[in-house]
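Presented below is the structure to which this report refers.
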Amino acid sequence: MLQNNFPQEHFIELVGLSPFLVGRITLFQQENLFNVEVDIIQSESGKIYNHVKSLYNQDDARDALDMSVQYLKDYLDAKK
């Protein structure tokens with residue numbers, strides 16, 4: 001279950017890529033809707049290496065997080 005504190009950052013290890021990069025999903029709440037930023041960042045500095053996707057006006061935080069993970073996976077698969 002997701003916490004009710006927003007914004008939330010979720011980090012995803014990118015197995016098979018540089019150990020200096022990590023996936024980051026940032027979940028924001030705006031009234032009863034959720035917005036998400038999906039990025040690949042440098043693990044040490046936190047600087048954005050690549051912006052993957054933005055999702056807006058999502059009804060459910062869990063669904064928005066699940067979709068974001070799928071977008072990140074699809075993005076990385078397309079880069080192979």
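Applying both filters, DSSP loop and at most 10 other Cβ atoms within 10 Å, to the chymotrypsin sites (Phe, Trp or Tyr not before Pro) of the chain eliminates every site. Can you give the longest run of the chain that contains no GluC sites (Glu not before Pro) sitting in a DSSP loop with at most 14 other Cβ atoms inside 10 Å? Answer - 45-80.
Only alpha carbons enter this Debye calculation for the chain, each as an equal point scatterer, and the log10 of I(q)/I(0) it gives at q = 0.10, 0.19 Å⁻¹ is -0.23, -0.78. A cut-off under 15 angstrom between Cβ atoms defines the neighbours of Gln30, and their net charge, with Lys, Arg +1 and Asp, Glu -1, is -4. Taking every alpha-carbon pair under 8 Å whose residues sit at least 6 apart, the chain reaches a relative contact order of 23 percent.
Going by accessible surface with a 1.4 Å probe and the largest first, Val15, Val36 read Val15, Val36. Computed from Cα atoms, the angle from the helix 61-78 axis to the main principal axis of the chain rounds to 20 degrees.
Across the accessible surface of the chain, with the other protein chains kept in place and a 1.4 Å probe, carbon and sulfur atoms take up 49 percent.
The values are calculated or read from the model by the stated rules, or taken from the named source; none is laboratory data. Predicted, not measured: the structure shown is a model, and the values here were computed from it. Neighbour counts run over all protein chains shown; Cβ positions are idealised from the backbone, glycine included. These accessible areas exclude ligands, DNA and RNA; they are computed on the full protein's heavy atoms, side chains included. Shrake-Rupley method; radii C 1.70, N 1.55, O 1.52, S 1.80 Å.
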